């Protein structure tokens, strides 16, 4: 601090000023005229400043323990204690600190002392009337010429209203999360009911081709229901753990086609999290390609394997469904097929901005690359 052309106040002089402030405007006397003049001007300026800002300012001497405490008059509005009560009892602040927050305060104070840097904490204080006030406190240690801590100086802000607003927002968010969970739960239940109705309807149809169509529709509905089931179980109501989703979807398809005895499957996916807008179409694409392989790649008693892979490379996802079965019919362009499954794969791939390719391998392999979310 400087006053006009006066020299800056040293830590020792600051301690003397603090002692004057703690004793009041008429307490004690300076050791010499220069210090008295500096202290008087600094005190006047300090009082004018700290008594106008919307916060509590405090200082304390660390000589011989916590002593010569000064607290600005705003303390009465904050906690109900008068300035005189506060300054006459150097440990009153600790008694009014909420018991559950004392350990936090001690840890932060110890950290600040160890590092020599400022320390800050958000804690609850008990008012004189027994209420609770949230306070954001920041303080720093001021050393003397030898580096030994001499003064503790800080400021405390009342953040009770902002904390209340924060709790209201959190409560509203919890309500919305519960509502969203319920929505996912109901969507899943409705899709499962639809799947069950299709199953019951299929049981009454003699035509095997029609029964197969209804079963495929069931699989598609179950793949969508699985997304909502996972979201309902998840802590993140907007994102799906896609590898886990695929690890549940593929066995579900194998059970539907009773293919577990002679056809194996492998699922190799990077740790990828999708929003619903990508999880549902990608799940349907995998559903169609795996189902297509189960229906056509392994006729009779042929054995083999289906592999589902997905990886993230730079800014694109790569999804592939590959089998080592009999292969795609020679001369047949998958882009021109009229089957509902491959039409659905092509349409969904376009909707998510991807590119569908058929790779030349032993058996059949479809590869889709699509842009990373948010790019």
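The values are calculated or read from the model by the stated rules, or taken from the named source; none is laboratory data. Note that this is a predicted model, so its numbers are computed, not measured. All Cβ positions, even for glycine, are placed from backbone atoms using ideal geometry, and neighbour counts span all protein chains on display.
Structure data summary
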{"item": "Residue that is nearest to the chain's Cα centre (by Cα) [pool: residues in segment 28-79 that are in a loop (DSSP other than H, G, I, E, B) and at pLDDT below 70]", "result": "66"}
{"item": "Residues being modelled with pLDDT under 85, surrounded by fewer than 16 Cβ atoms within 10 Å (Cβ to Cβ) and assigned to a helix (DSSP H, G or I) - total across segment 216-254", "result": "1"}
{"item": "Where residue 300 falls short, out of the listed (1) touching a residue at least 24 places away in the same chain (Cβ under 8 Å); (2) exposed (fewer than 13 other Cβ atoms within 10 Å of the Cβ); (3) more than 26 Å from residue 180 (Cα to Cα)", "result": "(1)"}
{"item": "Among the candidates 263, 250, 326, residue that is in the same structural domain as residue 366 (by TED's automatic domain parsing) and closer than 24 Å to residue 369 by Cβ", "result": "250"}
{"item": "Selection count, segment 336-371, where residues are more than 15 Å from residue 281 (Cβ to Cβ) and touching a strand residue (DSSP E or B) at 6+ places or on another chain (Cβ under 8 Å)", "result": "8"}
{"item": "Residue match in segment 354-368 (condition: in a helix (DSSP H, G or I), closer than 21 Å to residue 294 by Cβ and in contact (Cβ under 8 Å) with a residue 60 or more places away in the chain)", "result": "no"}
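Each row is one residue, and each column tells you yes or no for (1) loosely packed, with under 13 Cβ neighbours inside 10 Å; (2) out of contact with any helix residue (DSSP H, G or I) (no Cβ under 7 Å at 6 or more places or on another chain); (3) under 26 Å from residue 251 (Cβ atoms).
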{"position": "292", "(1), (2), (3)": "no, no, yes"}
{"position": "306", "(1), (2), (3)": "no, no, yes"}
{"position": "316", "(1), (2), (3)": "no, yes, no"}
{"position": "324", "(1), (2), (3)": "no, yes, yes"}
{"position": "327", "(1), (2), (3)": "no, yes, yes"}
{"position": "331", "(1), (2), (3)": "yes, yes, no"}
{"position": "336", "(1), (2), (3)": "yes, yes, no"}
{"position": "354", "(1), (2), (3)": "no, yes, yes"}
{"position": "363", "(1), (2), (3)": "no, yes, yes"}
